[in-house]
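Visitor: My structure is below; once you've seen it, I'll send some questions.
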Amino acid sequence: MSAVGDVTKTHRIGLLATVRHCLTLCGRNLLHLKSSPGEIVGFALVQPLMIIGLLVYVFGGAIAGSSEQYLQYALPGLLVQASVFAVLATGSGLHQDITNGVFDRLRSLPIARIAPLVGHLLGTLVRVTAGVLAMLIVGAMQGFEVKTDIVRTVLGLLLALVFASSMAWMSMLVGLLAKSASTVYLFSGVLLFPLTFGSNIFVETMTMPGWLQAWAEVNPITHAATAIRGLMTGTPLGNSVWWTLGWTVALTLLFAPLALRAYRRQV
């Protein structure tokens, strides 16, 4: 009995070691970018230019009367859309690691069992931060004006990241349960369209038909876009910040335990 107790004690990993393992695996995920420079260029430069170019300059004049006016309305919501779109790719990366046997190799190492999941999450959030900042810079170069102060702007960006992290848990759950990569991509696409297009990212909800307006007003993306728009441009915030934080807590409490449970079955 004593020997068994010693073995159990030997494999127990403390909090600081767990944090170190998570950061190490986060670094591993980011190192993959060195071998994929196209991903950096695409995510940090091409994607912001493409989104702003297609959505603002193609539709802006028809929706708001001018591209400049529409850019001022749409960019905060586009930051939310870009962050959600990026974290929904977390599941596909996780699924790829499982398929390539990376998790099998990690299982043989004396690391915290939660580290691969949290490492993926942190690595994704670093990429999201770079992409959101790049989009904000591109938007500013095109004429977007922050009408509040630096503190509120930073709070808006942090709120976008915190909200995106809750969506990442949902994507990781799908990545762990899916039988194929195509299932993960299909889920991301199916989820992204009703969440982003059925919100106030592109147009005011009052212009929508009643049934869609009802959905848009409870949609967490609407609350996140309203909150970030208010923090950056000074439009009325209402309770949008609290709604966004509430959705973040609810989604995390729902999907993080399910993802951890699915992950333990994998390892």
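The values are calculated or read from the model by the stated rules, or taken from the named source; none is laboratory data. As the structure is a prediction and not an experimental result, all values here were calculated from the model. Note that we place each Cβ from the backbone using ideal geometry, even for glycine, and neighbour counts take in every protein chain shown. Ligands, DNA and RNA are excluded from the accessible area calculation, which covers all protein heavy atoms including side chains. Shrake-Rupley method; radii C 1.70, N 1.55, O 1.52, S 1.80 Å.
Condition check ((1) within 19 Å of the chain's Cα centre (by Cα); (2) under 28 Å from VAL19 (Cβ atoms)) across all residues:
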{"site": "LEU136", "(1), (2)": "yes, no"}
{"site": "VAL146", "(1), (2)": "no, no"}
{"site": "VAL154", "(1), (2)": "yes, yes"}
{"site": "ALA164", "(1), (2)": "yes, yes"}
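Visitor: Let me ask you something else. Give all pairs with beta carbons closer than 7 Å in which a residue from the range 79-96 that is at pLDDT 80 or above meets a residue that is charged (D, E, K, R); count only pairs at least 6 apart in sequence or on separate chains.
Guide: ALA86/ARG127
Visitor: While we're looking at this one, here's another question. Give the residue that is modelled with the lowest pLDDT, with candidates limited to residues of the range 189-214 that are open to solvent by 10 Å² or more (accessible area, probe 1.4 Å) and under 26 Å from ALA178 (Cβ atoms).
Guide: GLY189
Visitor: Still on this structure, please answer the following. Kindly indicate which of VAL162, VAL154 is more than 15 Å from HIS120 (Cβ to Cβ) and exposed (fewer than 14 other Cβ atoms within 10 Å of the Cβ).
Guide: VAL154
Visitor: While we're looking at this one, here's another question. Where in the range 54-134 are there helices (runs of 4 or more DSSP H), lying wholly inside it, with at least 1 residues that are within 17 Å of THR233 (Cβ to Cβ)?
Guide: 57-64, 67-87
Visitor: Within the range 260-267, does at least one residue satisfy the condition of being surrounded by fewer than 21 Cβ atoms within 10 Å (Cβ to Cβ) and not in a helix (DSSP H, G or I)? Before you say what the answer is, go through the steps one by one.
Guide: Step one: list which residues in the range 260-267 are surrounded by fewer than 21 Cβ atoms within 10 Å (Cβ to Cβ), which gives 260-267.
Next, only the ones that are not in a helix (DSSP H, G or I) stay: 267.
Among the residues of the range 260-267, at least one is surrounded by fewer than 21 Cβ atoms within 10 Å (Cβ to Cβ) and not in a helix (DSSP H, G or I), which makes the answer yes.
Visitor: In the range 52-97, how many are under 15 Å from the mean Cα position of the chain (by Cα) and either of a type in the set (A, V, I, L, M) or open to solvent by less than 30 Å² (accessible area, probe 1.4 Å) (or both)?
Guide: So the count comes out to 18.
Visitor: Looking at (1) touching a residue at least 40 places away in the same chain (Cβ under 8 Å); (2) out of contact with any helix residue (DSSP H, G or I) (no Cβ under 6 Å at 6 or more places or on another chain), which is the one condition that is false for THR207?
Guide: Checking THR207 against (1) touching a residue at least 40 places away in the same chain (Cβ under 8 Å); (2) out of contact with any helix residue (DSSP H, G or I) (no Cβ under 6 Å at 6 or more places or on another chain), the one that fails is (1).
Visitor: Continuing with this model, one more query. If you go through the range 30-76 one residue at a time, how many are at pLDDT 75 or above and of a type in the set (S, T, N, Q)?
Guide: 4
Visitor: Among the basic types (Lys, Arg) and either under 19 Å from the mean Cα position of the chain (by Cα) or at pLDDT 85 or above (or both) - does that describe any residue in the range 178-188?
Guide: Taking every residue of the range 178-188 in turn, none turns out to be among the basic types (Lys, Arg) and either under 19 Å from the mean Cα position of the chain (by Cα) or at pLDDT 85 or above (or both).
Visitor: Follow-up. Can you tell me which residue is surrounded by the most Cβ atoms within 10 Å (Cβ to Cβ) among those in the range 215-234 that are over 16 Å from the mean Cα position of the chain (by Cα) and hydroxyl-bearing (Ser, Thr, Tyr)?
Guide: THR226
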